[in-house]
Amino acid sequence: MAGLRAAISLAEAGRVLVLAKQELTESATQYAQGGVAVVLSDEDEISLHLQDTVDAGAGLVNVAAATVLVEEGPERIHELLDWGAQFDRTGSKLTFTREGAHSRSRILHAHGDSTGREMGRALAAKAMTLPNITFSEFEFSSDLVFRDGAVHGVELIAGDGQRHRVSASAVLLATGGIGQVYRDTTNPSVATADGIGMAFRAGADISDMEFVQFHPTALYVPGAPRFLLSEALRGEGAQLLNMEMQRFMPAQHALAELAPRDVVARAIAHEIGQSNQPDPVVYLDMRHLDAETLRNRFPRVHATCLQYKVDITKDLVPIRPAAHYLMGGVKTDLEGRTNIAGLYAGGETACTGVHGANRLASNSLLEGLVFGARAGNRMREESTKPAALGQPAAPQAKDDLEKAEQYIRTIQNVMWRYAGVVRTSKGLAEAQSMIGAVGERLPAPVSRRSCEARNIFQAARLIVRSALAREESRGAHFRTDFPQTDDERFKKHSLVRRDKISFE
Ligand SMILES: Cc1cc2nc3c(=O)[nH]c(=O)nc-3n(C[C@H](O)[C@H](O)[C@H](O)COP(=O)(O)OP(=O)(O)OC[C@H]3O[C@@H](n4cnc5c(N)ncnc54)[C@H](O)[C@@H]3O)c2cc1C
């Protein structure tokens, strides 16, 4: 979302290379279901969208960034409509639905529950009409070319394993999220924190890494990916049952199943923790809802669950929480600029502070469009000519794929256990030492997978470090040893600069 949108703006200025480590479509954007939040209905107001975003962010939203998001959002969506995006309509009018923590119906969706796929399709189609944009798929960016305090290009590993460099007057990191740092995640396999790893190694400021949003309801069936079961299902009346077949949310929150995501995720984690079953789950129950409505409104959810022999209209759906979205990332200003000359970040990789400590549902697709466009516009002003770069030497070390896989699995398990939905200082300290030990044994970053292992390790370390330092609970970060919010000490953003952490 962010990368393609930036490329479209930037193409007016010169040649743009869009890199993707798999097919262009393989991204979180492709799997975004629920929709995109935007003020386009007559019953809505920009100020209300702003207020909802600020309220969700638990005291840490950068109001200037959120203002840009809600004010420029409508224009970006109109533009996307002009480029052919087909959002769902009732008659000729756009259909808006409501999601948790939104005070108005302002969520546009496409093909029921395939919003991101449709938005990505329209953007890619537009970008492909622009002769200045070149696409290169199955090209893995392994590192930035950093010299004399500025970024001059990227180092790449092609599909056949060959390394080469591409020079550029500016580089935008739009590599998506970090879900693969955790054992259970809704994110696709490409979400291995590559942009954050590359930026961190080049000395970029990294902010708010402790704020990872866990989606409460991901399908939990052995052998199946943790497929997301959209909040909108609960909006339609789906209920949560524990293993004793009892609803537990009404006792936890006045909004019951529609309580904020972090509250629901913690309540589910609690139920799971209480159970003495070998592999406990919680169930999403939709059996009382109209089957026809469910099939029409959620065709993708219905079809995907059926693949794993779960019929959402008839069966209890086993679920667990899963890592979903990173509010933090590479710190940028409102034009995507990092603290390093020539380096930009956008979308989920970036942290403008727009989501604060917790993201309002459906604000991230919009974030990719709005801040992607802004970064592309700003990059047009980069006047440096691309530097001549030599090609990298072939790596001397041998690749050890087996070890890379093994260490990735270890980090994912440690992160899930100690830096997940509920955290403690003891658990985080344990995670820090276990991840540190993995770091010492990581194989040399030779292949794409061993580079991903290094990025997963670096992101995990940043999350744990920031989560340990934030001795309070706020938004998506919950510490049982510090269950209160402490505005006096922590109404600030965490910032990792090189090897130091501070709150600013
Ligand atoms: C299942 C699911 C459902 C969601 N539902 C919603 C929703 O309804 N509404 C909403 O607003 N948000 C939703 N989100 C969040 C939203 O989809 C993402 O935050 C957003 O799409 C991220 O866009 P992006 O452009 O930052 O990254 P992505 O869309 O993830 O794109 C990143 C791209 O970078 C490429 N890449 C990564 N590393 C490298 C590398 N080293 N070299 C080369 N290429 C690389 C990837 O292959 C990919 O093409 C959902 C997320 C998930 C996972």
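So, Glu99, is that one under 30 Å from Ile463 (Cβ atoms), within 14 Å of the ligand (Cβ to nearest atom) and open to solvent by less than 30 Å² (accessible area, probe 1.4 Å) or not? Let's see the steps before the verdict.
Details: under 30 Å from Ile463 (Cβ atoms): yes; within 14 Å of the ligand (Cβ to nearest atom): yes; open to solvent by less than 30 Å² (accessible area, probe 1.4 Å): yes.
The answer is yes for Glu99.
Of the numbered conditions (1) modelled with pLDDT under 95; (2) within 13 Å of the ligand (Cβ to nearest atom); (3) open to solvent by 20 Å² or more (accessible area, probe 1.4 Å), Gly35 satisfies every one except a single condition; which is it?
(3)
Do you know which residues across region 191-215 are within 13 Å of the ligand (Cβ to nearest atom) and either surrounded by fewer than 24 Cβ atoms within 10 Å (Cβ to Cβ) or within 22 Å of Arg261 (Cα to Cα) (or both)?
Initial filter on region 191-215 (within 13 Å of the ligand (Cβ to nearest atom)): 191-199, 201, 212-215.
Once the filter is applied, which keeps residues that are within 13 Å of the ligand (Cβ to nearest atom) and either surrounded by fewer than 24 Cβ atoms within 10 Å (Cβ to Cβ) or within 22 Å of Arg261 (Cα to Cα) (or both), region 191-215 yields Ala191, Arg201, Val212, Gln213, Phe214, His215.
Evaluate region 111-124: report whether one residue or more is open to solvent by 10 Å² or more (accessible area, probe 1.4 Å) and under 30 Å from Ala431 (Cβ atoms).
No, there is no match, as no residue in region 111-124 is open to solvent by 10 Å² or more (accessible area, probe 1.4 Å) and under 30 Å from Ala431 (Cβ atoms).
Here are Arg417, Arg461, Arg449: which of them is in contact with a helix residue (DSSP H, G or I) (Cβ under 9 Å, 6 or more places away or on another chain), within 25 Å of Cys351 (Cα to Cα), open to solvent by 50 Å² or more (accessible area, probe 1.4 Å) and assigned to a helix (DSSP H, G or I)? First the steps, then the outcome.
Values: Arg417 fails: within 25 Å of Cys351 (Cα to Cα); Arg449 fails: within 25 Å of Cys351 (Cα to Cα).
Result: Arg461 is the single residue among Arg417, Arg461, Arg449 that is in contact with a helix residue (DSSP H, G or I) (Cβ under 9 Å, 6 or more places away or on another chain), within 25 Å of Cys351 (Cα to Cα), open to solvent by 50 Å² or more (accessible area, probe 1.4 Å) and assigned to a helix (DSSP H, G or I).
Yes/no matrix, rows are residues, columns are (1) farther than 30 Å from Arg163 by Cα; (2) modelled with pLDDT under 95; (3) in contact with a Pro (Cβ under 9 Å, 6 or more places away or on another chain); (4) not basic (Lys, Arg):
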| residue | (1), (2), (3), (4) |
| --- | --- |
| Thr424 | yes, no, no, yes |
| Leu428 | yes, no, no, yes |
| Ser433 | yes, no, no, yes |
| Val446 | no, yes, yes, yes |
| Ser450 | no, no, yes, yes |
| Phe457 | no, no, no, yes |
| Leu462 | no, no, no, yes |
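How many of the residues making up region 460-475 are more than 16 Å from Arg417 (Cα to Cα) and basic (Lys, Arg)?
Count: 2.
Within region 478-487, does at least one residue satisfy the condition of being under 20 Å from the mean Cα position of the chain (by Cα), over 21 Å from Met198 (Cα atoms), open to solvent by 30 Å² or more (accessible area, probe 1.4 Å) and aromatic (Phe, Trp, Tyr)?
Quick first cut of region 478-487, residues under 20 Å from the mean Cα position of the chain (by Cα) only: 478.
So of that shortlist, the ones also over 21 Å from Met198 (Cα atoms) come out as 478.
Of the ones still in play, those that are also open to solvent by 30 Å² or more (accessible area, probe 1.4 Å) are 478.
Those left that are additionally aromatic (Phe, Trp, Tyr): 478.
Among the residues of region 478-487, at least one is under 20 Å from the mean Cα position of the chain (by Cα), over 21 Å from Met198 (Cα atoms), open to solvent by 30 Å² or more (accessible area, probe 1.4 Å) and aromatic (Phe, Trp, Tyr), which makes the answer yes.
Cβ-Cβ under 6 Å, sequence separation 6+ or interchain: first residue in region 14-29 and assigned by TED's automatic domain parsing to the domain that holds Thr134 and open to solvent by less than 50 Å² (accessible area, probe 1.4 Å), partner aromatic (Phe, Trp, Tyr) and near the ligand (Cβ under 8 Å from one of its atoms). Which pairs?
These pairs meet every condition: Lys21/Phe140.
Look at region 420-446 and say how many of its residues are in contact (Cβ under 8 Å) with a residue 60 or more places away in the chain, in contact with a helix residue (DSSP H, G or I) (Cβ under 7 Å, 6 or more places away or on another chain) and more than 16 Å from the ligand (Cβ to nearest atom). Quick ask: steps written out before the conclusion?
Within region 420-446, the subset in contact (Cβ under 8 Å) with a residue 60 or more places away in the chain is 420-422, 445.
Adding the requirement that they be in contact with a helix residue (DSSP H, G or I) (Cβ under 7 Å, 6 or more places away or on another chain) leaves 421-422, 445.
With the extra rule that they be more than 16 Å from the ligand (Cβ to nearest atom), the set shrinks to 421-422.
The number of residues fulfilling the criteria is 2.
Taking the stated definitions as given, is Val301 over 26 Å from Arg417 (Cα atoms) and of a type in the set (Val, Ile, Thr)?
Numbers: over 26 Å from Arg417 (Cα atoms): yes; of a type in the set (Val, Ile, Thr): yes.
Considered against the rule, which asks whether it is over 26 Å from Arg417 (Cα atoms) and of a type in the set (Val, Ile, Thr), Val301 comes out as yes.
To keep it simple, each residue is scored yes or no on (1) within 13 Å of the ligand (Cβ to nearest atom); (2) assigned by TED's automatic domain parsing to the domain that holds Pro222; (3) within 20 Å of Glu99 (Cβ to Cβ); (4) among the charged types (D, E, K, R).
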residue	(1), (2), (3), (4)
Glu335	no, no, no, yes
Ile340	no, no, no, no
Leu343	no, no, no, no
Cys351	yes, no, no, no
Gly356	no, no, yes, no
Leu365	yes, no, yes, no
Gly368	yes, no, yes, no
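Mind listing whichever residues of region 60-86 are open to solvent by less than 30 Å² (accessible area, probe 1.4 Å), in a loop (DSSP other than H, G, I, E, B) and touching a residue at least 40 places away in the same chain (Cβ under 8 Å)?
Answer for region 60-86, where residues must be open to solvent by less than 30 Å² (accessible area, probe 1.4 Å), in a loop (DSSP other than H, G, I, E, B) and touching a residue at least 40 places away in the same chain (Cβ under 8 Å): Leu60, Val61, Gly84.
The values are calculated or read from the model by the stated rules, or taken from the named source; none is laboratory data. Here the structure is a predicted model, which is why all the values come from computation and not from measurement. Neighbour counts are summed over all protein chains in view; Cβ atoms, including those assigned to glycine, are modelled from backbone coordinates with ideal geometry. Heads up: the accessible areas ignore ligands, DNA and RNA and are worked out on the full protein's heavy atoms, side chains in. Shrake-Rupley method; radii C 1.70, N 1.55, O 1.52, S 1.80 Å.
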